[in-house]
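Okay, structure first, notes after.
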């Protein structure tokens, strides 16, 4: 069997390795536009901030080593331009030479990812504007900071990437302003969590413009819709990504209401010989079964395993998605799984919320922390629908436990009965998870 894979970042590189293990005798060709293989996009803000001291640490394996060890033909700086489903070929361009070629396939796997949205700004002129979606864009930011020694910048967008970039620009001793159209940062989370994160940013020197946007730019001065005007040396736009689905659409594959490629439970598109994984895929919500697009690394890796198992004749279904994710912000950590209060309200689901606001571990232990934990549950069945937490330690543990409880179809009351490990450095005799269960009663 001959497999062609389009995209060589997290999803593409991972599915290539997974398929090699599942189908040791197959022929595999991996195409990628970037010159770097399988790099960790989630690590890029921390390279910019100097938390990760060398950019090579987030790069994947060398293409030659990856190709040799796994017997995979790796062609980086190659772009797949078209798919001919009738003749089962792809048209490929070598981005270095401009040459075109056709490559046949038995099975095709699409992992095209997305591209950063670029805001339309009046009068941008020569003011540098950066985005942060691929390795090369990260290198551009690093080179600019090293060469120009800027003193002030503005980040546009207050989602996960925006707040992480803002934190790491502060680590570079830059005056940093965050411009956000919403009334709060991290609007995907409940307001009680967002408020804590916004205050943490302000306490660490980030100036935030809420409910605001850039009206126009003159030179290096930003004229704002509402707030006072100010000057910066450069901008970083973190306003989301547009999915790279043009190749699939031109091949006649279905694009769903979320903008992602439609797939079944085995990651097959309309064409059973074409699979799709990663950011550009439309999956389904764990609770409602409605279309859902989640742009996170765990999901791409899980989808890669689903594809490899299906190709090997051992089909495993892809679960609906919870969208479990976490972020670090200065001294705090925030995480979410499942639905927020807003998304439950939008879905018309009647719910209640159990809240624990207190210590993460024994108060007499010198390194105790604080956590705010919120668990939403179905008012009738008491099944857990989602959870969020913010605190200075132990957030990941609690949200991971609740994500597991959701997949186990547990009720909020079951949380009180969970036998969780206890020692003063780590928890209390009644863990915050247990406390939420008791409070819900």
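The values are calculated or read from the model by the stated rules, or taken from the named source; none is laboratory data. Quick caveat, the model's predicted, so the values are computed rather than measured. Neighbour counts run over all protein chains shown; Cβ positions are idealised from the backbone, glycine included.
Grab the strands (runs of 3 or more DSSP E) fully contained in region 133-233, keeping just those with 3 or more residues being outside the structural domain of residue 39 (by TED's automatic domain parsing) and touching a residue at least 12 places away in the same chain (Cβ under 8 Å). If you could, list the steps in order and put the result at the bottom.
Numbers: elements: 152-156, 175-179, 207-209, 214-218, 221-224.
Strands (runs of 3 or more DSSP E) meeting the threshold: 152-156, 175-179, 207-209, 214-218.
Please specify each residue of region 391-418 satisfying the condition of being touching a helix residue (DSSP H, G or I) at 6+ places or on another chain (Cβ under 9 Å) and either over 17 Å from residue 286 (Cβ atoms) or in contact (Cβ under 8 Å) with a residue 40 or more places away in the chain (or both).
First pass over region 391-418, keeping only residues touching a helix residue (DSSP H, G or I) at 6+ places or on another chain (Cβ under 9 Å): 391, 394, 397-398, 401-402, 405, 408, 410-418.
Selection gives 391, 394, 397, 398, 402, 412, 413, 414, 415, 416, 417, 418.
Considering only region 350-361, I want to know if a residue exists there that is assigned to a loop (DSSP other than H, G, I, E, B), touching a residue at least 40 places away in the same chain (Cβ under 8 Å) and over 22 Å from the mean Cα position of the chain (by Cα). Spell out the reasoning first.
Step one: filter region 350-361 for residues assigned to a loop (DSSP other than H, G, I, E, B), giving 350, 360-361.
Right, trim to touching a residue at least 40 places away in the same chain (Cβ under 8 Å) and you get 360-361.
Cutting the leftovers down to over 22 Å from the mean Cα position of the chain (by Cα) gives us 360-361.
The answer is yes; a qualifying residue exists.
Quickly run through region 1-27 and pick out the residues that are in a helix (DSSP H, G or I) and buried (at least 24 other Cβ atoms within 10 Å of the Cβ). Give the derivation first.
Within region 1-27, the first condition is being in a helix (DSSP H, G or I), and the residues that meet it are 10-22.
10, 11, 12, 13, 14, 15, 16, 19, listed by residue number.
Return the residues of region 40-52 that are within 19 Å of residue 130 (Cα to Cα) and assigned to a loop (DSSP other than H, G, I, E, B); say none if nothing qualifies.
Residues of region 40-52 within 19 Å of residue 130 (Cα to Cα): 40-50.
Once the filter is applied, which keeps residues that are within 19 Å of residue 130 (Cα to Cα) and assigned to a loop (DSSP other than H, G, I, E, B), region 40-52 yields 40, 49, 50.
Sort out which residues of region 298-323 are in contact with a strand residue (DSSP E or B) (Cβ under 8 Å, 6 or more places away or on another chain), surrounded by fewer than 21 Cβ atoms within 10 Å (Cβ to Cβ) and in a loop (DSSP other than H, G, I, E, B), and write them in order of number.
320
Does residue 337 meet the test of being in contact with a strand residue (DSSP E or B) (Cβ under 8 Å, 6 or more places away or on another chain), assigned to a strand (DSSP E or B), on the phi < 0 side of the Ramachandran plot and free of Cβ contacts under 8 Å to residues at least 60 places away in the same chain?
Working: in contact with a strand residue (DSSP E or B) (Cβ under 8 Å, 6 or more places away or on another chain): yes; assigned to a strand (DSSP E or B): yes; on the phi < 0 side of the Ramachandran plot: yes; free of Cβ contacts under 8 Å to residues at least 60 places away in the same chain: no.
No; evaluated as a whole, the condition is false for this residue.
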